[in-house]
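What follows is a single structure, written as structure tokens, with notes after it.
Nothing in this text is a laboratory measurement; each read-out follows from the coordinates by a stated rule. Note that the structure is a prediction, hence the values are computed from the model and not measured. When we count neighbours, we look across all protein chains shown, and the Cβ atoms used for this are built from the backbone with ideal geometry, even at glycine.
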Amino acid sequence: MENTLKVSDLKVQFYTRRGIYKALNGVDLQLQQGEIFGVAGESGCGKTTLGLTIMGLLPYNASVTSGQVILQGEGDLTASLRESFSKGQDKFNLKQSESVTKKLNKQLADIRGRRISMVFQDPMTSLNPVLQVGFQVAETVITHQPKSLAQRKLARTRATREDLEQILKLLKTGADEQTISKYAESKGLIGIESQVLNVWRRNDLGESKKEKIIISLHSEKLGSFDKIVLENVEKKGNIPVWMRIPGLSRAAKNVLLREGYAKATELLSMLEVPNPDKVVRMYPHELSGGMRQRIVIAIALANNPELVILDEPTSALDVTVQAQILELTRHLKARFNTSFIFISHDLSVLAEVCDRIGIMYAGRIVEVAPTEVVFKKPLHPYTRMLTRAIPTIDGGEIQGIGGTVPDMRNVPPGCSFRPRCPDGDKCKDMKPEMVEIEEGHFVSCFQAR
Amino acid sequence: MSETELKKRKWDNTKLSLSVFFSNKTAVVGLVITMIFVVDALIVQFFPQLLGITNVGTLVPNFTNPAPSPPSMTHLFGTTYPGIDLFTSMIKAIRIDLFYSVLVVAIGATFGSLIGVISAYVGGLMDEIVMRITDVFFSIPYLILALAVGFILGRSLLNMSLALAIVWWPLYARYTRSQTLSTKEFTFVEAAKASGVSKVKIMFKHILPNSLPPVFIQISLDLGSIMVIFSTLAFIGFIANASVPELGYLTSLGLGYVQTAPWAVIVPGVAITLFALAVNLVGDGLRDVIDPRRRS
Amino acid sequence: MRLWVYIVRRLLLIIPTLIGLTFIVFILSHISGTNIILSEYISPKLTGIARQIVIQKLTSEFHLNQPIYIQYFYWLYQILQGNWGFTSTPIFNGQVNTAIALFLPNTIMISVVASILIWVIGVPLGVYSAVNRDSAADHTLRIGSFTLYSMPIYLIGVVLIILLGVYLKVLPFSGVVNPVSVSAVSWYINGISYPTHIILIDAIIHGAWGIAGSAFLHLILPSVTLALAIVASMIRILRSSMLEVLDQDYIRLARSKGTAERTVINLHARKNALLPVITLFGYTVAGLLGGAVVVETIFNYPGIGYWTTQALLVSDVGGIMASTLLFGLILVFANLIVDLVYAFIDPRIKY
């Protein structure tokens, strides 16, 4: 099976006034579709940088010096970044890196939010304080799937009561998603099936209530202006050309926006946000941390991406919310087969959800293995010390790891962990490579062989 | 950390600060130009004979030849009405402008900062009253207020400076007040209080040094603005005395001849602009040094 | 509903400021002695016995024999009634109220035009400068705005006069209209135009396009000078505010959604970046008002500022105090409007 994402020998550095900071020193990673891959490590080991590089969201003073990030079907995402820096930059040129970043943003705009999306660490600063949260969710849907939005609304307008009663019958007899989609398609009602299913799958309503709601989705009214806009979007993907003058275009975009808000409400209810229709019109500062994080997750998932990168999604939240978010992740993987890269410094959190875990140290991944294996048979000395440092119910003394993360400006040759490693001598000058010790278990350490 | 290690840290920091400042080429240029102005003022103050200047505090008109004449060998920058040599007048004027501007900033900044810090630290009713007072001062455009106050005090250079200082202090009070308010919340102040340090000592030893660096930047930026405002007031005719060497006043002398003798207005105006520019550049450079984000 | 509460509360807050303002003006006029009231409120045309009578009347009206703090209230009472005294300057001699009615419209005219210019030029340039940081255009803009910012406003005016008025002879730079063109016009008497006292608007009302054109041309240089003096600092502030916003996490999130860069800048970033600019607009208005004084003097434009400098030159106390009070009032209300607009725009302000 082809990898959804393949990262090979990725090297990223940052230019600062105090020297060149080497954040990633050759990261290798392969991700399959539908798996939750955890990335663990201390602060400063480069995990966030890894996530940002995959998305292409590095700050101006960063440069990808070598390596590739290959997304299935898209090729190397960082190609243009490296092209411009191929002259071996030791000095930092702000203007050039700015223009490169701009080009990159343009290139990746199509992929971001549609095939890969990211959830950042701090929900408080991730949302735009002057825009309603519903807008921020709707925006991503409008950007990537305007047609489907138009279809949704138009389907509701075209559907007759009989159509919906028929769909309801199908649902009750246990038809699956595909059957219902086919039925909808056959009646020219594409876009109705996801709305129906979303209501059907809700946990907070009784069955009769759900039936009522589903039936009520028929024959919705539609003004003529709205109709023109939506039909054009359905066919051509954008508002009609003649409407693109200042006053009109705003009104036309608002038509789409209204449906976008409806979709946002749907997404929020799926994420178990109470009163989603009210929340959608609120501003970020009016919501709690847990709610905000759910909004950010809703934005990340809105277009059903193949890969979602979660950067410490629970670190800024309290434990109960943490549990909910983890449950959500499992649920989404089960339902949509989305792949996740889950970045965290907390191994115990990763233990709960991940299929495989990669341990990062000083800009490299030093061990990769299925979750159980990591905890039962850690091979790298660092991994061993990490697993011993987790507090457990049966008590026992926690062993900390002495020393500190090396200064990333002067990375010593050989294994970067050596100064803190209890054993190890061959790795003084030679960097150990990633070797598959047993099936699915990779380590980069001479000791393990 | 030992004494020597602390000293080394401080020296490293100073080196970094200096290198940040001097790597900023425009700031260095600004510094050089500012120094030229300062040197000029000092020379005129203490050794006017060096430049051949006799009447240090007045303009020397030449009524036999009152019409402005263009730059020439005898008059490097030309003359303005009535027959006043621009070059020597400007050299004299720089000293006056610089002196009074520094005076304004010194009085306004000192007075304002003290009030701001005390008001913020003491808080309560006093703080409210001070805030209201500064509000009132802010409700009148600074130029107008300076005009009115100066008018009442009497239309002289000194009173103009006093008027400007009176107009300017609320700005510093507000500024230092907000700085103090945020520093006050820092935990190290809590720690000091918890260990029983007296209120006054806290204020002077902990809060003031932390609030001061931004104030210095503000002062360096204000110096230029004050000089510009000062010359603007003189330009619109504030000063009753008709022969004070002052850059704004010099400019106004040439106003009636703007069509035939543009140099008469341009030259003094450029001098003021140059000084303000230089001082602003230095202030920007200082801001780069102090603001930790811009250091990397 | 709660917005009205906020408005009312904000309005109430003005009252102490207004009291303080009037008090300062009152105190200022008293520092040199109680006779200021007399000189402010006696029509300069009166002499002899008539003058004595008026002095008597004023003394009782203003209670000049009472201590100062009592006098304040009587003076305030007169002010609130609209009796602001007399002014006697070369360009106008008479009641302050009339002077204000005649001159204020012109000042408003150039201030409004200048404000429009500032926003229309300043905002796009500031945004562009931040978005294209360190480009050639950005460097030029920074140098240009920095220099403008360091120039005294009178120099900007003078340079414009020299460039456009003298060398290129494109624009007029004195007065408000070409005097020849209005010499035989019915609605223009003694330098005053009716009904709005703004020549440009009155000319349009009366359909006199030639005069309107001349008035328009005379309007350009003063307004542009004012605008240039202020737009420089606005561009700097907007640029740094925009740069700070662009560094924020939510901008990164917007990009991670795949939003078009243009939308990221114009929608997500700009709205946040403008907030501090609006807060500082209060200072901008202060600068506009002070600048109007200088600009009107240079261009002989008959507005409040011109009247103020004239009063200064002839030591007309009444005029100076009245104009100080007027400027103060304008600024207080301008700040009020700015605060309200800001509360309306920023959703984080809870009312």
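At-a-glance table
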read-out: Axial C-alpha extent at least 18 Å, average Kyte-Doolittle at least -1.0 - helices from chain B (DSSP); value: B:3-23, B:25-46, B:86-122, B:124-138, B:157-184, B:208-235, B:263-290
read-out: DSSP bridge orientation in the protein assembly as shown - percent antiparallel, rounded to nearest 5; value: 65
read-out: Ranked A:I54, C:I162, criterion: other C-beta atoms within 10 Å, fewest first; value: C:I162, A:I54
read-out: FRET efficiency for C:I91 and C:I31, using Cβ-Cβ distance with R0 set to 22 Å, rounded to 0.05; value: 0.25
read-out: Using alpha-carbon coordinates, inclination of helix A:224-236 to the longest axis of chain A, degrees; value: 50
read-out: Efficiency of FRET between A:S43 and C:Y167 - r from beta-carbon atoms, R0 60 angstrom, step 0.05; value: 0.40
read-out: Region A:132-152 and region C:267-322: distance between their alpha carbon centers, rounded to Å; value: 47
read-out: 10 Å Cβ neighbours from other chains, averaged over peptide C:126-133; value: 1
read-out: Packing-based ranking, highest mean first, of B:78-91, C:83-96 given that Cβ atoms within 10 Å are counted; value: B:78-91, C:83-96
read-out: Amide hydrogen neighbours beyond the local backbone of A:R364, cut-off 5 Å, H modeled; value: A:N25
read-out: FRET efficiency for A:R258 and B:Q49, using Cβ-Cβ distance with R0 set to 60 Å, rounded to 0.05; value: 0.15
read-out: Inter-chain Cβ neighbour average for residues B:227-236, partner chain, 10 Å; value: 5
read-out: Angle in degrees between helix C:96-131 and the longest Cα principal axis of chain C, rounded to the nearest 10; value: 10
read-out: Restraint check, A:K263/C:K257; A:K153/A:K182; A:K221/A:K263; A:K212/A:K278; A:K182/A:K263; A:K235/A:K333, Cα-Cα greater than 23 Å; value: A:K235/A:K333
read-out: Karplus 3J(HN,Hα) series, Hz, for region C:12-18 with 6.51 cos²θ - 1.76 cosθ + 1.60 (x for Gly, Pro); value: 5, 5, 5, 4, x, 4, 5
read-out: For chain B: relative contact order, % (alpha-carbon pairs under 8 angstrom, 6 or more apart); value: 26
read-out: Net +/- balance of residues flanking A:T125 in space, Cβ distance below 15 Å, scoring K and R +1, D and E -1; value: -2
read-out: Whole-Hz ³J(HN,Hα) from phi, Karplus 6.51 cos²θ - 1.76 cosθ + 1.60, for region C:134-141, glycine and proline x; value: 6, 6, 4, 4, 4, 4, 4, 4
read-out: CD proxy at 222 nm, helix term only [per DSSP H run n ≥ 4: -39500 (n - 2.57); per residue of chain B; nearest 500]; value: -24000 deg cm²/dmol
read-out: Taking only Cα atoms of region C:254-294, radius of gyration then Dmax in Å; value: 16.3, 51
read-out: Overall form of region A:131-290 per C-alpha gyration tensor (a/c, 1.5; a/b vs b/c); value: oblate
read-out: In order through region A:305-314: 3J(HN,Hα) via Karplus (6.51 cos²θ - 1.76 cosθ + 1.60), integer Hz, x for Gly, Pro; value: x, 7, 9, 10, 9, 10, 9, 6, x, 10
read-out: Degrees, to the nearest 10: C:48-61 long Cα axis against longest axis of chain C; value: 60
read-out: Cα gyration tensor shape for chain A, rounded if a/c is under 1.5, else prolate or oblate; value: prolate
read-out: Ordering of A:175-182, C:230-237 by burial proxy (mean other Cβ atoms within 10 Å per residue, highest first); value: C:230-237, A:175-182
read-out: Rounded if a/c under 1.5, otherwise prolate or oblate - region B:52-146, Cα gyration tensor axes; value: prolate
read-out: Relative packing of peptides B:252-261, C:12-21 - highest average C-beta neighbours within 10 Å first; value: B:252-261, C:12-21
read-out: Partner chain coverage, peptide A:128-136 - average Cβ within 10 angstrom; value: 5
read-out: Inter-label distance, nm, simple model (7 Å from Cα along the C-beta direction), A:A175/A:S208; value: 2.5
read-out: Dimensionless Rg/Rh of the protein assembly as shown - Kirkwood Rh, Rg from C-alpha atoms; value: 1.04
read-out: Under 5 Å, built H, 5+ apart or other chain: amide partners of A:M282; value: A:V133, A:G134
